[in-house]
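The values are calculated or read from the model by the stated rules, or taken from the named source; none is laboratory data. Small disclaimer: the values here were computed from a predicted structure and weren't measured. Ideal geometry is used to build each Cβ from the backbone, glycine not excepted, and the neighbour counts take in all protein chains shown. For accessibility, only protein heavy atoms count, side chains too; no ligands or nucleic acids. Shrake-Rupley method; radii C 1.70, N 1.55, O 1.52, S 1.80 Å.
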Amino acid sequence: MTPPLITSIYTADPSAHVFNGRVYIYPSHDRETDIAFNDNGDQYDMADYHVFSTSSLEPPYTDVVDHGVVLRTEDVPWVSKQLWAPDAAQGPDGRFYLYFPARDREGVFRIGVAVGDKPEGPFVPDPEPIPGSFSIDPASFVDPDSGDAYLYFGGLWGGQLQCYQSGTNADLKFDGAWSGPQEPKGADAKALFPKVAKLDRGMRKFDAAGVQDLVILAPETGEPVAADDHDRRFFEAAWMHKRGDTYYFSYSTGDTHYLVYATSKSPTGPFTYGGRILEPVLGWTTHHSIVEFQGRWWLFHHDCELSKGVNHLRCVKVRELFYDDEGKMFTKPDE
Ligand code: FUB
């Protein structure tokens with residue numbers, strides 16, 4: 001079985017990128033807590049971020065470097081708690097932008113940005129969250145062909161995406177009555193879509209087009225995936241990558257514990273569901289990233305092997321990802 005990539009601390013939600021010929025990993029930093037487990041995710045009570053890097057993705061991972069703490073709760077004026085899954089991107093100015101979700105002083109998840117001169121930080125946060133941002137799991141994507149940058153985000157239940165069902169994307173209203181482990185259901189209900197916003201060239205705010213839905217269609221009907229289709233509907237853990245002229249949007253199905261993907265010829269969709277890339281792992285959550293390094297594709301993800309199954313004490317792993325002749329992604333059994 002693939003060993004954990006990082007064993008010095010508990011890590012999760014790995015966002016991997018290649019900068020300067022080296023793989024940089026931006027994970028959540030899990031920690032022990034006395035908070036009772038619940039389906040709102042209160043036990044995921046993280047308070048800082050470390051950055052890791054490596055030049056090799058093959059065990060025994062002797063080159064993995066922990067660059068130390070790069071951002072803490074107390075560094076960010078608007079944050080009250082829960083530094084959840086982050087990501088990072090390099091902007092057109094050559095600087096590095098760390099995107100992170102956290103609860104604000106009212107307990108509402110927003111997305112912040114912090115800026116650094118090096119991929120390993122340190123990062124200086126903006127004093128306010130990104131205007132118009134909400135929910136969790138920001139995934140940044142810089143299109144390798146156009147140079148355009150996007151932020152994908154959203155997460156159900158504890159991630160609060162279901163609290164934004166009224167109003168338009170330009171003027172979404174938070175409805176606290178939807179807080180907690182709930183989501184639309186029923187024969188006619190469509191799944192809630194993840195969100196995408198193009199970043200302006202400064203990388204610290206959304207461009208004028210603002211937030212849009214990222215539509216995921218069922219291939220057999222051409223209609224949006226149904227809310228009750230928990231094997232395929234978006235739950236959390238957005239990730240975007242491009243191979244050739246195909247955009248791959250991958251995500252977690254949450255309570256069914258799969259990592260799945262959908263494809264499009266546009267970074268903003270619509271996307272068509274394509275299949276599974278990872279079966280359930282040890283632990284409730286599953287969350288990942290996909291990156292090309294030295295001519296091979298890699299799936300970073302986490303499970304709970306290091307803590308022997310404690311859901312909120314996770315460990316990052318990496319395994320090779322393959323494509324068949326039709327561009328369908330798959331991983332091989334982990335033996
Ligand atoms: O790490 C906290 C949350 O757990 C993330 O935001 C979700 O994607 C899940 O992995």
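Summary of values
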read-out: Charge context of Lys242, other residues only, Cβ under 14 angstrom, K/R +1, D/E -1; value: -3
read-out: Cα-Cα P(r), the range 136-177, percent of pairs per 5 Å interval; value: 6, 20, 18, 22, 14, 11, 7, 2, 0
read-out: Cβ-based net charge around Glu58, under 12 Å, with every Lys or Arg adding one and every Asp or Glu removing one; value: 0
read-out: Amide H contacts under 5 Å for Gly155, placed H, 5+ residues apart; value: Ile136, Leu161
read-out: Solvent-accessible area, 1.4 Å probe, carbon plus sulfur percent, for the chain; value: 49
read-out: Asp30, Asp200, ranked by accessible area, largest first (probe 1.4 Å); value: Asp200, Asp30
read-out: Two-decimal Rg/Rh across the range 1-83, once Rg and the Kirkwood Rh are taken from alpha-carbon atoms; value: 1.01
read-out: Residue of Ala85, Ala170, Ala262 that the Gaussian network model of the chain assigns the largest fluctuation, springs spanning Cα pairs under 10 Å; value: Ala170
read-out: With all protein chains modelled, accessible area of Arg110 [1.4 Å, Å²]; value: 60
read-out: Dimensions in Å of the range 64-110 - Rg and Dmax from alpha carbons; value: 12.5, 38
read-out: Karplus-derived HN-Hα couplings along the range 290-301 (A = 6.51, B = -1.76, C = 1.60, θ = phi - 60°), whole Hz, x at Gly and Pro; value: 10, 8, 9, 9, 6, x, 10, 9, 10, 9, 8, 7
read-out: GNM result for the chain, Cα springs below 10 Å: residue of Pro60, Pro267, Pro27 fluctuating most strongly; value: Pro60
read-out: Entries in Lys118/Lys198; Lys173/Lys205; Lys195/Lys332; Lys81/Lys317 that, when Cα-Cα distance is taken, lie over 28 Å; value: Lys195/Lys332
read-out: Of Ser55, Ala208, Gln82, farthest towards positive along the dipole that unit charges on Lys, Arg, Asp, Glu beta carbons give the chain; value: Ala208
read-out: Distant-in-sequence amide H partners of Ser133 (H built 1.01 Å from N, under 5 Å); value: Ile111
read-out: Interchain or long-range residues, amide H under 5 Å from Asp303's placed H; value: Cys315, Lys317
read-out: Cα-centred dipole magnitude for the chain, charges only on beta-carbon of K, R (+1) and D, E (-1), debye, nearest 20; value: 380
read-out: Å³ per residue enclosed by the Cα convex hull of the chain; value: 130
read-out: Hz values of 3J(HN,Hα) by residue in the range 262-275 - Karplus curve (6.51, -1.76, 1.60), Gly and Pro given as x; value: 9, 10, 7, 9, 10, x, 10, x, x, 9, 10, 3, x, x
read-out: Accessible area of the chain divided out per residue, in Å², using a probe of 1.4 angstrom; value: 40
read-out: Residue-count net charge about Asp45 - beta-carbon cut-off 12 Å; Lys, Arg +1, Asp, Glu -1; value: -2
read-out: Karplus-derived HN-Hα couplings along the range 227-238 (A = 6.51, B = -1.76, C = 1.60, θ = phi - 60°), whole Hz, x at Gly and Pro; value: 4, 7, 8, 5, 6, 10, 6, 5, 10, 5, 6, 5
